[in-house]
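The values are calculated or read from the model by the stated rules, or taken from the named source; none is laboratory data. Note that the structure is a prediction, hence the values are computed from the model and not measured. Here the Cβ positions follow ideal geometry from the backbone for every residue, glycine too, while neighbour counts run over all protein chains shown.
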Amino acid sequence: MQGGDRSVDVHGDAALYAVDALEPEERAVFEEHLRGCAACRAEVDSYGEVGAALASAVAQDPPPVLRENVLAAIHGTRTGTAAGPSAGMPTGTSAGTSSPAGPEAGASSGAEVVSLAQRRRPRRQWLAAAAAAAVLLPGAALGGWAIGTQTEQREQRQLAAQEQDRQNRLLAAADVATHQLAVDGRTATLVVSEQEDAAMLVAADLPAPGEGHEYQLWLMQDGSPVPDVHFGGGQVQVWLDGDVDRAGAVAMTVEPAGGSERPTLPVLAAVEV
């Protein structure tokens, strides 16, 4: 766009300039304008300040896909500036066809240029808004991602604190007792408190129970085995689910993965509680 029409639009190019979405000619014109326009300089600077502030507020690196989405958004804005076949010529004139000559044609051409300028102005305003979004929305996405991560970490810390408190109550109980269970030459420790109605099995390195199988604990209540927690080998720290204060003993067997309702013999280990 030339002359007065271009000077009207140049103030709206700050966002496009901030994300490098101007064509070379437009960029040169805007930079010349920028030297004498404090308002546009302030607007361009504000985009950089907002982006920097949002970036500094995020303590962790964002996932790679976020960067890809940001780049795609910016590239989409730049490719959107390409004019289609009808954007560069008056309505009704096709590529390779000469415009009619004569005064009437000249008058028509002048009207069409004005019409074209009017059509391009809202389009440039839309592009400027898109460019501003390309600057600001990535920061908002980073902030949202960071808030989600921080929320997840806070929940994990709360769960860890609850677990630690539960263990502390068990170990501090007046009637706490420990029992050793020998499992295929390895030792597991059962920590029990009837006062807390809680029990936890701890082992550093239980042998694998076999493919498709798990260990399972049983609470012996009134002479009958009640199924309880089931788990794999390796490092183990599991809480029993049932009423420990009603149990006279705890037994361990190997069961199919998912546990069983009745114990499969033989019993690997058992201890009175």
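Here are the numbers:
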read-out	value
Qualifying positions in segment 226-244 - out of contact with any Phe, Trp or Tyr (no Cβ under 9 Å at 6 or more places or on another chain) and surrounded by fewer than 17 Cβ atoms within 10 Å (Cβ to Cβ)	GLY234, GLN235, GLN237, TRP239, ASP241, ASP243
Count - residues of segment 149-186 that are hydroxyl-bearing (Ser, Thr, Tyr) and either in contact with a Lys or Arg (Cβ under 7 Å, 6 or more places away or on another chain) or modelled with pLDDT of 90 or more (or both)	1
Residue check, VAL191 of a type outside the set (D, E, K, R) and in contact with a helix residue (DSSP H, G or I) (Cβ under 7 Å, 6 or more places away or on another chain)	yes
Residue check, VAL229 modelled with pLDDT of 95 or more and not small (Gly, Ala, Ser)	yes
Any pair with Cβ under 7 angstrom, 6 or more apart, that starts in segment 141-157 at a residue that is of a type in the set (Gly, Ala, Ser) and ends at one that is modelled with pLDDT under 75 and surrounded by 11 or more Cβ atoms within 10 Å (Cβ to Cβ)	ALA141/LEU66; GLY143/LEU54; GLY143/ALA57; GLY143/VAL58; ALA146/VAL58; ALA146/GLN60
Subset of segment 207-246 (residues that are touching a residue at least 40 places away in the same chain (Cβ under 8 Å) and closer than 24 Å to GLN167 by Cβ)	GLU214, TYR215, GLN216, TRP218, VAL236, TRP239, LEU240, ASP243, VAL244, ASP245
Filter result for the condition that a residue is exposed (fewer than 13 other Cβ atoms within 10 Å of the Cβ) and of a type outside the set (Lys, Arg), over ALA203, ALA208, ALA247	ALA208
Residue within segment 167-178 that is assigned to a strand (DSSP E or B) and touching a strand residue (DSSP E or B) at 6+ places or on another chain (Cβ under 6 Å) present	yes
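Okay, residues lined up against (1) outside any strand (DSSP E or B); (2) over 44 Å from the mean Cα position of the chain (by Cα):
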position: LEU219; (1), (2): no, no
position: PRO225; (1), (2): no, yes
position: GLN237; (1), (2): no, no
position: THR253; (1), (2): no, no
position: THR264; (1), (2): yes, yes
